[in-house]
Amino acid sequence: MSQVVRKFSRRVPQWRPRVMPVKLEEASEAQLDALSVTPSNTKVSDYVLTLAHDVESLKVRSPLFNAIMYDEGGMSRAEREIGAIGASMVNHCIYCAAVHADRHAKLEKSTEVTDRMFRNGRDAKLTDRDRAIFDFALALSEAPPAAGAEEMQALRKAGLDEAEILDLILSTALFGWANRLMHVLGDPVRPDEAEA
């Protein structure tokens with residue numbers, strides 16, 4: 001039996017959709033066109049196949065996701081991942097937190113930062129720059145958002161320029177939306193664990 005995952009880890013769970021994903025072999029021409037661009041331009045996941053039910057949204061969603069998370073310039077890819085992780089932790093999105101912690105660790109060739117964030121949350125010992133980024137992502141993700149002038153000043157003090165701050169806002173906000181969509185459309189599961 002599957003068990004819904006309840007804690008943060010870099011071990012990426014499977015995602016079980018509540019809505020039947022589009023089957024590639026049965027996809028319409030419009031769906032195949034929308035599926036031609038995928039997040040990070042990698043595989044077509046069950047999540048993306050589920051989103052393919054709304055072709056017009058998917059056609060703008062994947063290019064927007066890629067532009068925010070992977071475009072050159074501004075904030076580093078690893079730092080954008082911290083924004084995604086912070087939002088996912090506030091929103092309790094186990095799946096996104098794991099995916100983006102894994103990406104961060106691979107980009108940085110170290111698990112130290114994500115281990116600290118998952119183990120200690122807001123109290124994680126981080127460099128000044130990572131601390132400002134993580135704190136801002138957490139504050140921006142609260143409802144209502146708690147990010148304000150003080151948090152913006154902390155980012156500037158940590159050395160972020162305006163382009164980097166915009167990238168952080170966009171990556172964090174993107175996951176505020178993406179986390180909630182994943183929660184409604186499915187659940188993270190680990191098939192190898194017994195039912196609780």
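The values are calculated or read from the model by the stated rules, or taken from the named source; none is laboratory data. Treat the numbers as computed from the prediction; the structure is a model and nothing was measured. Don't worry about glycine lacking a Cβ; one is built from the backbone with ideal geometry, like all the others, and counts go over all protein chains shown. Note: accessible area is taken over every heavy atom of the protein model, side chains too, but ligands, DNA and RNA are not part of it. Shrake-Rupley method; radii C 1.70, N 1.55, O 1.52, S 1.80 Å.
What the table shows:
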read-out: Within the stretch 101-116, considering residues that are within 18 Å of Leu168 (Cα to Cα) and without any contact (Cβ under 8 Å) to a residue 40 or more places away in the chain, the one least open to solvent (accessible area, probe 1.4 Å); value: His104
read-out: Qualifying positions in the stretch 52-75 - touching a residue at least 24 places away in the same chain (Cβ under 8 Å) and either of a type in the set (S, T, N, Q) or in a helix (DSSP H, G or I) (or both); value: Val55, Leu58, Lys59, Ser62, Pro63, Leu64, Phe65, Asn66, Ile68, Met69, Tyr70
read-out: Residue ID - most open to solvent (accessible area, probe 1.4 Å), chosen from residues in the stretch 52-67 that are farther than 22 Å from His100 by Cβ and of a type in the set (D, E, K, R); value: Glu56
read-out: Failed criterion for Ala87 (all others in (1) open to solvent by less than 20 Å² (accessible area, probe 1.4 Å); (2) in a loop (DSSP other than H, G, I, E, B); (3) out of contact with any Leu (no Cβ under 7 Å at 6 or more places or on another chain) hold); value: (2)
read-out: Which listed residue, of Ala139, Ala87, Ala132, Ala101, is in contact with a Lys or Arg (Cβ under 9 Å, 6 or more places away or on another chain), among the hydrophobic types (A, V, I, L, M, F, W, C) and within 21 Å of Arg180 (Cα to Cα); value: Ala101
read-out: Subset tally (residues that are assigned to a helix (DSSP H, G or I), out of contact with any Asp or Glu (no Cβ under 9 Å at 6 or more places or on another chain) and open to solvent by less than 80 Å² (accessible area, probe 1.4 Å)) for the stretch 34-51; value: 8
